[in-house]
Structure formats: structure tokens, C-alpha cells
1. Can you confirm whether residue 44 is surrounded by 12 or more Cβ atoms within 10 Å (Cβ to Cβ) and over 16 Å from the mean Cα position of the chain (by Cα)?
2. Can you tell me how many residues in region 16-53 are more than 13 Å from residue 105 (Cβ to Cβ) and in a helix (DSSP H, G or I)?
3. Just name the residue that is surrounded by the most Cβ atoms within 10 Å (Cβ to Cβ) out of those in region 21-39 that are at pLDDT 90 or above and farther than 17 Å from residue 117 by Cβ.
4. Among residues belonging to region 74-112 that are closer than 17 Å to residue 54 by Cβ and touching a helix residue (DSSP H, G or I) at 6+ places or on another chain (Cβ under 6 Å), point out the one that is surrounded by the fewest Cβ atoms within 10 Å (Cβ to Cβ).
5. Only one of 114, 84 is over 18 Å from the mean Cα position of the chain (by Cα) and more than 16 Å from residue 24 (Cα to Cα). Can you tell me which?
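The values are calculated or read from the model by the stated rules, or taken from the named source; none is laboratory data. These figures come from a predicted structure and were not determined experimentally. Methodologically, a virtual Cβ is constructed for each residue, glycine included, from the backbone with ideal geometry; neighbour enumeration extends over all protein chains shown.
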């Protein structure tokens, strides 16, 4: 691979990471950008994209969490049971996901994004 192609690939990864970081920092979920971008533009398999997303999530979540805690935007009484049950769900989900084909995971992720998008379009919000 020549230097120009490697540089363009690196710049693409930087742009994908930057955009995902902005979205993730807002609490929307950087994986909604990161996973499709990696599978579409970097041509990674769904398993790889999701694994990269999990590694990417740790430092970006820590930074976002520090800022949200500093601004008193975290309700720990609500967060604690969600965290504990989420850890259990993550163990089960990752154990199940490694047995699925990349194609099936991609379809499941796309369906999830579609359902969440439709929900967000039609849910009623309080304006404050």
C-alpha cells in the first residue's frame, strides 16, 4: 500500500473517530456513526466494527462522563441499577454475538437503528 493511500485511510479513520466522538459526547451513542462508517467505508466485518466500537467507547465515555458529572447531569440512583443489569446483559450479548454471522449482526444492527430512528421521530418530548 503506498503512502498516499495509507494517509487517506488514516485521515478517514480520524474523521470517523472525530464525528463519532462528537455524537458520543452528546450521549446519543457514537456507535450509531462508528459501526456503519467502519463497515461501509473501511470495509470491516460487523464483528470487527462492533469490537472497535467497544474499545473506542471506553475512553470517550470516561471523558463524557467526567464532564456530565461535573455539570451535575448524572442521577446515580437511576444509573446504578442500569449499570449493574447492563453489565449482565453485556456478558450475555457478547457471548451470543460471537456465534452470529457478520451478515446477521449487520442486519440486526440496521433493524435496531431503524426502530430507534422511527421511535425518535414520533415520540413526544417536553420542551423546557
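1. no
2. 16
3. 38
4. The residue in question is 102.
5. None of the others qualify; the one that does is 84.
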